[in-house]
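The values are calculated or read from the model by the stated rules, or taken from the named source; none is laboratory data. These numbers were taken from a predicted model, which means no experiment stands behind them. Virtual Cβ from ideal backbone geometry, glycine too; neighbours counted across all protein chains shown. Ligands, DNA and RNA are excluded from the accessible area calculation, which covers all protein heavy atoms including side chains. Shrake-Rupley method; radii C 1.70, N 1.55, O 1.52, S 1.80 Å.
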Protein chains: 2
Amino acid sequence: MSVKFAVLGHGVVGSGVVELFYKNQKSIEKKAGTEMELKYILDLRDFPDAPYADKFTKDFNDILNDDEVTAVCECMGGLEPAYTFVKSCLEKGKSVSTSNKELVAEKGDILLAIAKEKGCNFFFEASVGGAIPIIRPLHRCLAANDIFKISGILNGTTNFILTKMYNDDMPFDEALKLAQELGYAEKDPTADIEGHDASRKICILSSLAFGKHVYPKSVYTKGISQIDLCDVKIADQLGYAIKLIASVKKLDNDKILPSVMPMLVPRDNIISGVDDVFNAVLVDADAVDKSMFYGRGAGKFPTASAVVGDLIETVKHHVNVFSQYWEPSQDDSFIESIENFSSKWYFRIPSDDNAHASVMFNCEDGLAFITDEELTFAQAKAQAESLGAYALIPILL
Amino acid sequence: MSVKFAVLGHGVVGSGVVELFYKNQKSIEKKAGTEMELKYILDLRDFPDAPYADKFTKDFNDILNDDEVTAVCECMGGLEPAYTFVKSCLEKGKSVSTSNKELVAEKGDILLAIAKEKGCNFFFEASVGGAIPIIRPLHRCLAANDIFKISGILNGTTNFILTKMYNDDMPFDEALKLAQELGYAEKDPTADIEGHDASRKICILSSLAFGKHVYPKSVYTKGISQIDLCDVKIADQLGYAIKLIASVKKLDNDKILPSVMPMLVPRDNIISGVDDVFNAVLVDADAVDKSMFYGRGAGKFPTASAVVGDLIETVKHHVNVFSQYWEPSQDDSFIESIENFSSKWYFRIPSDDNAHASVMFNCEDGLAFITDEELTFAQAKAQAESLGAYALIPILL
């Protein structure tokens, strides 16, 4: 008897899931330990020429009310109707794997609780880092560890733009235009370049690593649209690459500090070499020291790979197998204010000011330097204001 | 009721497992979903001053015959008595997690079959890449993929030596001596520097990825003891880092070709930036494209992290949860001969020879070049002989 599943949404990721399933069906079934059948694809559009045209339905209830369907891949994206659909599936005991980071970042705690209660699985490996196995490794393989810090390049669009600025001396606007031409950036690129996409992903990793739901609204988020080409070039000469870093740190006061912002990454940090649309996540923990995961953060088949990987796991285990779980958070009192974020800082200031720093660089419109000491964000901002700084960027320590 | 487990061997890794368990016991138990108790530590030596001195036994039968013990961590290393002990445990239905690469590379098929038959788990995340989650990600997270190729830096000792040669112009012998002084290399460094350690690890990854047991004797293995400092420097100037690469490739004829040898890694391959004792594994597969895993490949706590991670999983699931499995291989007819290994090649030859290559470099004792075309190993060797080459090293393509 075969296990029957449905795919919600036949866009880039959903069609990738369907195609990947049919392409590797034999080995996928071998790993799942059972035959599998794709019974429905939900989409409001028509796909009369698809080789699996008979699978399409426009009515979600066909899927919800078919007790034969025990597993569902949600690839619609956006909060609604994805949330309503996924919730209904889980409440009926159907396991769900999703690629929808917005859904997990906003509603993960609620959906995990329903899955736990109903004894089914809510999996979301595809929601962070696309093809990169990070959710499962973080939660299972590093389970023996006390995690201190996670820092990642979690958005491919911005990493592509910064790589172009760095490698080809291309100003931000031009690099963004190129990213749009290549299909790496949306027509409205706000979610990517302003850091919202990365913010959702660091919420998911923070919730998973530290056990309480972290909402995007609690995360300080700054994008790359104000990064000047000259800062990229100066950083390079000082031995750093500028990257959009999504990170979360456990502090001595037991609070956590998640953030998304451009940072100067030292060349000897393996993350500095992560270029183009690739993503990477670096985990600092007590036993492993440093562990890094790297791969394509988006795209049709990379993302589908993660969704189908989750599907295989859920087909193999009809019961809830994941202790992957976090609690709802009543408030964000466990999250430290960004004002207390501490690091060394890169300043670019008018030249007539005198900086007392050991790393200095004379540039066209003044002087760039990196502070010798760590400063809080509040202190750095105050200093930047008094110096009339053109640029203020923290170092990834 | 707590789940009781035993640790076999109280050397570097075994003591790490015990210490890590006690350090993070609370969060480990939370993830395992049950209380856990370390009941025995097997070692022939006495540790009267250990805070857990009452746990030690010298008699393996205390553990084997205690039905309360349902999980065992094997950290003794070497084939015997590890094999006999692990086999007996699995036959009694006790799950085993091991850090012993020799054991898995030589006897993995037999032990996996017993675990499957008895419905218990045989886990070995720690046997490859120490702290790096690779076994589980490869098998589970990438389960939807057709894997083409795995290439890794799987030995920290040799990577440390090559990094010293590269960064500090240190000749091989001197770098080896330093590695020994720092405790990164054994007194008898043969297993590391001649590639045997890496060979065992690529056997395990090959068996897992391609489903048939690959024995170390079937793997062409060449170490780094003949790498000349001048080749490291020339490679650098040509844009490559020399690394000891353990790799396996699926060929068009459906055979696989595993090997361990020094290779020139192009600077734009993320693996080229993996330095010092760090390890990394790069996986090429149809859906994910490229995925890389990086971390500490050895050491007390990194390795213990992987063993305890496996222990948590086995405690959580009393039944066999892994489809991780490979068949015994009757012969090695599924393994391609190294003579047919194909790549571009780095040659260093006496200067009076004329090379027709577009990448050339004049060096002290002649000329170094990289072939424009791919050649098989057999062809490259013949050419090297006819040119009287001093050095012949393949490029990691």
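Once the piece of chain linking A:E373 and A:C230 is laid out straight, how much longer is it, given 0.36 nm per residue of separation minus the C-alpha distance between them? Before the final figure, lay out each step's value.
On the way: separation 143, 0.36 × 143 = 51.48 nm, distance 2.37 nm.
So the extension gain works out to 49.1 nm.
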With the label set 7 Å along Cα→Cβ, A:D49 is separated from its counterparts in the other copies, in nm and shortest first, by 7.8
If every Lys and Arg gets +1 and every Asp and Glu gets -1 at its Cβ, then about the Cα centre chain B yields a dipole, in debye to the nearest 20, of 1220 debye
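Of the DSSP beta bridges with both residues in the protein assembly as shown, give the percent that are antiparallel, rounding to the nearest 5.
On the way: 93 of 141 bridges.
Antiparallel bridges: around 65 percent, rounded to the nearest 5.
Per residue, how much accessible area does the stretch A:1-143 show when a 1.4 Å probe rolls over the protein heavy atoms, in square angstrom?
Values: 5290 Å² over 143 residues.
Value returned for the stretch A:1-143: 37 Å² of accessible area per residue.
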With the charge dipole of the protein assembly as shown built from beta-carbon charges (+1 for Lys and Arg, -1 for Asp and Glu) about the Cα centre, the Cα from A:N269, B:G366, B:N24 projecting farthest to the positive end belongs to B:N24
Once phi for every residue in the stretch A:359-369 is put through the Karplus expression 6.51 cos²θ - 1.76 cosθ + 1.60 (θ = phi - 60°), the whole-Hz ³J(HN,Hα) values, with Gly and Pro written as x, are 9, 10, 8, 7, 10, 3, 9, x, 9, 10, 8
Rounded to whole angstroms and listed largest first, the alpha-carbon spread of chain A along its three principal axes comes to 76, 46, 32
The percentage of the accessible area of chain A (probe 1.4 Å, all protein chains present) made up of carbon and sulfur atoms, to the nearest whole number, is 48 percent
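Which value, in debye to the nearest 20, gives the size of the charge dipole of the stretch A:257-388 about its Cα centre, when Lys and Arg are +1 and Asp and Glu are -1 at the Cβ? Spell out each step's value before the answer.
Values: 8 positive and 21 negative charges, 136 e Å.
Dipole of the stretch A:257-388, to the nearest 20 debye: 660 debye.
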Under the rule rounded for a/c under 1.5, else prolate if a/b exceeds b/c, else oblate, using alpha carbon gyration tensor axes a ≥ b ≥ c, the stretch B:245-331 is classed as oblate
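Report, as an integer, the average count of C-beta atoms from other chains found within 10 Å of each Cβ along B:130-140. It would help to have the intermediate numbers written out before the result.
On the way: counts 3, 10, 6, 12, 3, 1, 5, 10, 1, 2, 11.
Counting Cβ atoms of other protein chains within 10 Å of each residue's Cβ and averaging gives 6.
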Given backbone amide H placed at 1.01 Å from N, residues whose amide H is under 5 Å from that of A:A241, ignoring those fewer than 5 places away on the same chain, are A:V265, A:R267
extent check for the stretch A:263-306: Cα max minus min per principal axis, descending, whole Å, gives 33, 25, 13
In a Gaussian network model of chain B with springs linking alpha carbons closer than 10 Å, the residue among B:E313, B:E327, B:E373 that fluctuates most is B:E373
In the stretch B:106-216, taking the dipole from +1 charges on Lys and Arg beta carbons and -1 charges on Asp and Glu beta carbons about the Cα centre, the listed residue (B:I153, B:L176, B:L111) farthest towards the positive end is B:L111
Shape call for the stretch B:190-264, from the Cα gyration tensor axes a ≥ b ≥ c (a/c under 1.5 means rounded, otherwise prolate when a/b beats b/c, else oblate), comes out oblate
Amide H contacts under 5 Å for A:M36, restricted to residues at least 5 apart in sequence or on another chain and with H modeled in the peptide plane, are A:V3
In order over the stretch A:116-127: 3J(HN,Hα) from phi, Karplus 6.51/-1.76/1.60, θ = phi - 60°, whole Hz, x for each Gly or Pro, gives 5, 5, 8, x, 10, 10, 10, 10, 8, 3, 6, 6
Taking a ≥ b ≥ c as the square roots of the Cα gyration tensor eigenvalues, with a/c under 1.5 meaning rounded and otherwise prolate when a/b beats b/c or oblate if not, the stretch A:333-382 comes out prolate
Inter-copy distances for B:Y22, nm, shortest first, label points 7 Å along Cα→Cβ, are 5.9
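Just from its helices, what would the mean residue ellipticity at 222 nm be for chain A, if runs of 4 or more DSSP H residues each count -39500 (n - 2.57) and the sum is divided by every residue, rounded to the nearest 500 deg cm²/dmol?
Numbers: 12 runs with 133 residues, N = 397.
The per-residue figure over chain A is -10000 deg cm²/dmol.
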At q = 0.22, 0.27 Å⁻¹, the log10 of I(q)/I(0) for the stretch A:2-55 from a Debye sum over equal Cα scatterers comes to -0.84, -1.16
Here the Cα Rg-to-2.2 N^0.38 Å ratio for the stretch A:272-378 is 1.71
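For the stretch B:166-290, what is the charge dipole size about the Cα centre, in debye to the nearest 20, if Lys and Arg each add +1 at the Cβ and Asp and Glu each add -1 at the Cβ?
Values: 14 positive and 21 negative charges, 140 e Å.
That gives a dipole near 680 debye.
To the nearest 100 Å², how much accessible surface do chains B and A hide from each other in total, with a 1.4 Å probe?
Details: alone 17070 and 17040 Å², together 30410 Å².
Counting protein atoms only, the buried area is about 3700 Å².
For the pair B:S337 and B:D54, what calculated FRET efficiency results from E = 1/(1 + (r/R0)^6), where r is the Cβ-Cβ distance and R0 = 56 Å, to the nearest 0.05? Kindly include the intermediate steps, with their values, before the conclusion.
Details: r = 55 Å, r/R0 = 0.99.
About 0.50, to the nearest 0.05.
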Listed by chain and number, the residues whose amide H is under 5 Å from that of A:T57, excluding neighbours fewer than 5 places away on the same chain and using placed H, are A:I41, A:L42, A:D43
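Give me the net charge for the shell around B:I202: Cβ to Cβ below 15 angstrom, other residues only, Lys and Arg +1, Asp and Glu -1. Write out the running numbers ahead of the final one.
On the way: positive: B:K101, B:K149, B:R200, B:K201, B:K212, B:K217, B:K222, B:K243, B:K249, B:K250; negative: B:E102, B:E106, B:D192, B:E194, B:D197, B:D284, B:D332, B:E336.
Neighbour charge sum, excluding B:I202 itself: +2.
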homo-copy label distances at A:A382 (7 angstrom along Cα-Cβ), nm, one dp, ascending, are 7.7
Of all DSSP beta bridges having both residues in chain A, the percent classed as antiparallel (nearest 5) is 65 percent
Charge dipole of chain A built from unit charges on the beta carbon (Lys, Arg +1; Asp, Glu -1), centred at mean Cα; most positive-end Cα among A:Y294, A:V308, A:A357 is A:V308
If each part is reduced to its alpha-carbon centroid, the stretch B:87-144 and the stretch A:52-110 end up apart, in Å, by 34 Å
Taking a crude spin-label model, label points 7 Å out from Cα along the C-beta direction, the A:Q237 to B:D268 distance in nm is 2.6 nm
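Averaging over all projection directions, find the projected area of the Cα convex hull of the protein assembly as shown and quote it in nm² with one decimal place.
Numbers: hull surface 142.8 nm².
The number I arrive at for the protein assembly as shown is 35.7 nm².
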Relative contact order as a percentage, chain B, C-alpha pairs under 8 Å and 6+ apart, gives 18 percent
Once phi for every residue in the stretch B:13-23 is put through the Karplus expression 6.51 cos²θ - 1.76 cosθ + 1.60 (θ = phi - 60°), the whole-Hz ³J(HN,Hα) values, with Gly and Pro written as x, are 6, x, 5, x, 4, 5, 5, 5, 4, 5, 4
Label model pair A:R45, A:E364: point-to-point distance (7 angstrom along the Cα→beta-carbon line) in nm is 4.3 nm
